[in-house]
Amino acid sequence: MASFYVTTPIYYASGEPHLGHAYTTILGDVIARYRRQSGDSVLFLTGTDEHGQKIQEAAGVQGMSPLELCDLMAGRFAAAWEELGISHDRFIRTTEPEHAGVVRALLERLRDNGHIYEAEYAGWYSVGQERYFTEKEIGPERVDPIAGGPVQRIREKNYFFRMSSFQERLIGQIEENPDWIVPSGRRNEVLGFLSQPLADLSISRPRSRIHWGVPIPWDRDQVTYVWVDALTNYVTASGAIDPDAPPARRGFGNPLPEGPPARWPADLHLIGKDILTTHAVYWPTLLMGADLPLPRRILAHGWWVVDDAKMSKSIGNVVDPLELGRIYGADALRWYLMSEMATGHDASYTPERFLVRYNQLANILGNLAHRAISMVIRYRGGAVPDAPADRLAERREEALAGYHRGFERHRLHEAFGAAMGLARDANAFVEETEPWKLARESGSDAELDAVLATLVHTLAVLAAIFAPVVPQRAEELASRLGLPRIPAFAELPAVEVGGLPVAAKGPLFPRIETD
Ligand code: MSP
């Protein structure tokens, strides 16, 4: 059994979950479910980012302690993921004591390796992004280049990580591994960034200014820079580092030592394009400095925009994923997000497109299920005939190949396009074979049996390939077909449908009334 470790970013515990967070988390969930159905042992991690200036200030504004705010918001995120059918194996919070231990162990390792020094620093800081930007990046307007928020001039003593000394190694890593950062546009963006000399990374803040963080182990007057703290969550959750062990046995060094089966390195980090530099530059160089293996892949997706504008509280155009989920069902939202966005590119949220996507589920997949099940009941008393189900065999194979190719290439919209294509063709097969005519003709019994068995077999395949994206409805479909459970991908070619007791219920995807 192969092992697969996939992560989402950990979300700031200062704001409510919105459509953008929901997108990355659903993307992670769909990939995790796909891998489980492929037979892999999956670790799917999500969580909340709870330290730093942003949280400290947000708590102050709301008259709470930082931890009170984090407890509240971590609960909101966890509840949101529950509502949206997210199947994470672990929800990490960076305020967990175990995590602080791993952060300290990582910093000590970097220091022991000679990669840390102390210096006075002056620069432009964005609390919104929790990052310094250069004079050039903030431009004459002096705003953070990612969200346009304010920046502040800061001069203080910091500890620095010699990130600059890893520039060549990082460029080599990217050049030798074309699929390390996907899609390729994002890879080029990072290479472009690396064509300029790489600066060192400030990894601490004076406690007098920011107290909400992990203290630097050798200097109690400084706390760890929140991005160093946050990125380390991926290692904490992997179980690769034991902060309580003596330094020589903590789990650094490549290859990892014997011990409990650690999940490091991650197979896939999912991120939005806004946090590409932190994940594709800061994180890998920190790992190099600590002698830890690099993640196997970084997938940076685009942004959901509304009327061409980024969703933001100040514009007031933030889409609430939970409201959509409550009205149309979590599965409808999941399908919309996965089928509508070309993985890697920006997409525009509109209620009209949501409806178009929903209607695909209702009119193509739902309709096929309804027709097939009703006919098995009407013509065969509700038991699927034991007959060859091979009429659409080639079409099924072709769709499965397209589906798996979509996942391999991280183009999930294509994978689900292939899945919907199969449902569409199965509907066309019903039109062509006209089972209602076969039912009236004498001598067509065997033919009708084969048509019905073919339809049910195809629906079993559809239940399996739609399950990662619409898990609840796919479960329901499998149960209406009389299947004991959703088949694993490997079982598909040989699913036995003869004799299955089908059951009719209301529409799988009820029609939405709209004004
Ligand atoms: N806490 C950091 C991440 C630390 S990871 C070690 C952070 N948090 S965040 O709450 O701002 O979430 C950012 C992530 O949310 C983005 O990378 C992206 O995955 C998702 N999205 C936020 N807005 C988005 C859109 N409008 N569209 C799509 N996804 C976006 O950054």
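Straight-distance candidates among the aspartates and glutamates for linking to K157, with alpha-carbon spacing under 13 Å and chain neighbours fewer than 8 residues away dropped: E118, E120, D219, D221.
Scaled against the 2.2 N^0.38 Å expected of a compact globular protein of N residues, the Cα radius of gyration of the chain reads 1.10.
Our estimate of slack between E175 and E137, defined as 0.36 nm per intervening residue step minus the Cα-Cα distance, is 11.2 nm. Overall shape: oblate for the stretch 149-248, with the ratio a/c of the largest to smallest alpha carbon gyration tensor axis at 1.5 or above and b/c at least equal to a/b. In this structure, the amide hydrogen of I181, modeled 1.01 Å from its nitrogen in the peptide plane, lies closer than 5 angstrom to those of I298, counting only residues at least 5 positions away or on a different chain. Considering only alpha-carbon pairs that sit under 8 angstrom and 6 or more positions apart, the relative contact order computed for the chain is 14 percent. Tell me, what is the FRET efficiency for R511 and S3 to the nearest 0.05, using R0 = 51 angstrom and their Cβ-Cβ distance as r? In this case the efficiency is close to 0.75. Could you list which residues have their amide H under 5 Å from that of R90, counting only those 5 or more apart in sequence or on another chain, with H placed in the peptide plane? For R90, the qualifying residues are F44, T46. Name the residues of the stretch 206-236 whose amide N is less than 18 Å from a point 7 angstrom out from the Cα of R155 along the C-beta direction? Residues passing the 18 Å test: 206, 209. Between the listed residues G443, V376, P484, the Cα displaced farthest toward the positive end of the dipole of the stretch 350-494, a dipole computed from Cβ unit charges relative to the Cα centre, is found at P484.
Seen against the Cα atoms of the chain and their longest principal axis, helix 184-193 is set at about 10 degrees.
Helix 351-360 and the longest principal axis of the C-alpha atoms of the chain enclose an angle of approximately 40°.
With viscosity 0.890 mPa s and temperature 25 °C, the Kirkwood radius over alpha carbon pairs of the stretch 350-494 converts through Stokes-Einstein to a diffusion coefficient of 157 µm²/s. Which residues among the stretch 159-180 fall inside the zone where the amide N is under 12 Å from a point 7 Å beyond the Cα of Y117, along Cα→Cβ? Of the residues in the stretch 159-180, 160-165 have backbone N under 12 Å from the label point off Y117.
Fewest-first ordering of T95, T285 by other beta carbons within 10 Å of each residue's beta carbon gives T95, T285.
Peptides 445-456, 397-408 ranked from most to least packed by the mean count of surrounding Cβ atoms within 10 Å: 445-456, 397-408. If the cut-off is a Cα-Cα distance under 21 Å, which lysines reach K313, setting aside same-chain residues fewer than 8 apart in sequence? Cα-Cα hits under 21 Å: K54, K273.
If you bin all the Cα-Cα distances of the stretch 68-139 at 10 Å, starting from zero, the percentages per bin are 14, 23, 33, 25, 5. When you count the other C-beta atoms within 10 angstrom of each residue and take the mean per peptide, 5-13, 167-175, 367-375 line up highest first as 5-13, 367-375, 167-175. Working note: 222 nm ellipticity from helices only, DSSP H runs with n ≥ 4, each -39,500 (n - 2.57), summed and divided by the residues of the chain, gives -13500 deg cm²/dmol to the nearest 500. By the count of neighbouring beta-carbon atoms within 10 Å, fewest first, H269, H88 end up ordered H88, H269. Straight-line cross-link partners of K505 among the aspartates and glutamates, defined as a Cα under 12 Å from its Cα and at least 8 positions apart when in the same chain: E476. Between the Cα long axis of helix 367-380 and the first principal axis of the chain there is an angle of about 30°, rounded to the nearest 10.
Each reported figure results from applying straightforward, stated rules to the coordinates on display, with no laboratory input. What you see is a predicted model, and the numbers here were worked out from it, not measured in a lab. For neighbour counting, all protein chains shown are included, and Cβ atoms are generated from backbone atoms with ideal geometry for every residue, glycine included.
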